[in-house]
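So the structure is just underneath, and the comments pick up after that.
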Amino acid sequence: MTNFVFIAVLFAALCHAGWNALIKVGLDPLSSTALIAVGSAVVSIVCLPVAGMPAAAAWPWLIASAFIHLLYFAALIESYRTGDLGQVYPIARGTAPLMTAGASLVFVGEHLSATSWSGIAALAAGVLLLSARGGRELAHVDRRAVGFALLTALTICAYSVVDGIGARASLNPQSYVLWLLIGNALALVPYALWRDSNGVKAAMRRFWLRGLGGGTMQALSYGIALWAMTLAPIAIVASLRETSVLFGALIAVVVLKEPLRAVRIVAAVLIVFGLVLIRL
């Protein structure tokens, strides 16, 4: 991985943290999911005329990814309904990089060095630690919530591998991302309206501009990530994207004035150590 690709993926992670922070305030997970899906689809439709079309070989991967993303959001929402964020988020985001590394080895044949494996493990540990909120959440683990969190991690792994392969097959990763975001909206919005029609419609009327801004950042974030997956191992790119948790923590401390606890400092050191190992 070149320095340019490495820095670009970190920028994509920053964008990912940005749209999450933009949408998070005042919205439930279901409404924010639908809002972002619509916003990113609008941005994609506007950009399609200049992006062209992906190769025909990419379409099966695009369709598969849209369904996997639907399952991802359904599992994530259910995990939030049954468990605390402090349980669900670290399990989902912390275990996904290790799953993706294993899956890319089996299904794509990408072999990583021992140093890269160590870096991914350190980064995953940092994500887990950074998301932890103390003994209360860890002492009372809800099995149902953990089950949905692990299912969420599995879907993250699945769409990372599928989209990595699809972007390579498309010969046009930018077009692949645009069509994927449109497909996600077509799959996710009907599901969201079925679950809570009034709440989702109210959120779209009130926060549509925020959704458009967040959708723009989502399109940019995932577009960079999939472009990087055509140039670097899928597992490495997927792991680097999880540094969005670190950027999110920085936003929480600097912008939202949340306390800088010792556990956050240790977690940040682990994540940076993982990044150094991956870069090496």
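Measuring from a point 7 Å past the Cα of residue 28 along Cα-to-C-beta, which residues in region 195-212 have an amide N at less than 12 Å?
The answer is 195-203, whose backbone nitrogens lie closer than 12 Å to the label point.
Sorted by mean Cβ packing within 10 Å, highest first, what order do the peptides 6-13, 237-244, 202-209 take?
Put in order of decreasing packing, that is 237-244, 6-13, 202-209.
Which semi-axes, in whole Å and largest first, does the equivalent ellipsoid of region 169-222 have when worked out from the alpha carbon gyration tensor as the square roots of 5 times its eigenvalues?
One finds semi-axes of 25, 15, 6 Å for region 169-222.
Give the relative contact order (percent, whole number) for the chain; include only Cα pairs under 8 Å separated by 6+ residues.
Here the relative contact order equals 42 percent.
Could I have the simple spin-label model distance between residue 115 and residue 265, label points 7 Å from Cα toward Cβ, reported in nm to one decimal?
Result for the modelled spin labels: 2.9 nm.
Run the paramagnetic zone check for residue 253: 7 angstrom along Cα to Cβ, then residues of region 261-280 with backbone nitrogen under 20 Å.
Counting backbone N atoms under 20 Å from the label point, the list is 261-277.
In whole angstrom, how far apart do the alpha carbon centroids of region 170-239 and region 1-77 sit?
2
Can you tell me how much longer the chain between residue 63 and residue 186 gets when fully stretched, taken as 0.36 nm per residue apart minus their C-alpha distance, in nm with one decimal?
43.2 nm
How much accessible area per residue does the chain have, in Å², with a 1.4 Å probe?
45
Could you tell me whether region 145-269 comes out rounded, prolate or oblate from its Cα gyration tensor? Rule is a ≥ b ≥ c as square roots of the eigenvalues, rounded for a/c under 1.5, then prolate if a/b exceeds b/c, otherwise oblate.
oblate
Test of understanding: what is the full-extension gain from residue 201 to residue 3, defined as 0.36 nm times their sequence separation minus their Cα-Cα distance?
Result for the pair: 67.0 nm of gain on full extension.
Could you tell me what percent of the accessible area of region 156-280 is made up of carbon and sulfur, with a 1.4 Å probe and every protein chain present?
Within region 156-280, the accessible surface is 72 percent carbon and sulfur.
Could you give the dipole magnitude of the chain about its Cα centre, charging the beta-carbon of Lys and Arg +1 and that of Asp and Glu -1, in debye to the nearest 20?
The dipole magnitude comes to about 520 debye.
At 4 °C and a viscosity of 1.567 mPa s, what translational diffusion coefficient does Stokes-Einstein give for the chain, taking Rh as the Kirkwood radius over Cα pairs? Give it in µm²/s as a whole number.
D, rounded to a whole number, is 69 µm²/s.
The values are calculated or read from the model by the stated rules, or taken from the named source; none is laboratory data. It should be emphasised that the depicted structure is a prediction, and the values quoted were computed from it without experimental measurement. Quick reminder, even Gly has a Cβ in these numbers, built from the backbone with ideal geometry, and neighbours come from all protein chains shown. All accessible areas refer to the heavy atoms of the entire protein, side chains included, with ligands and DNA or RNA removed. Shrake-Rupley method; radii C 1.70, N 1.55, O 1.52, S 1.80 Å.
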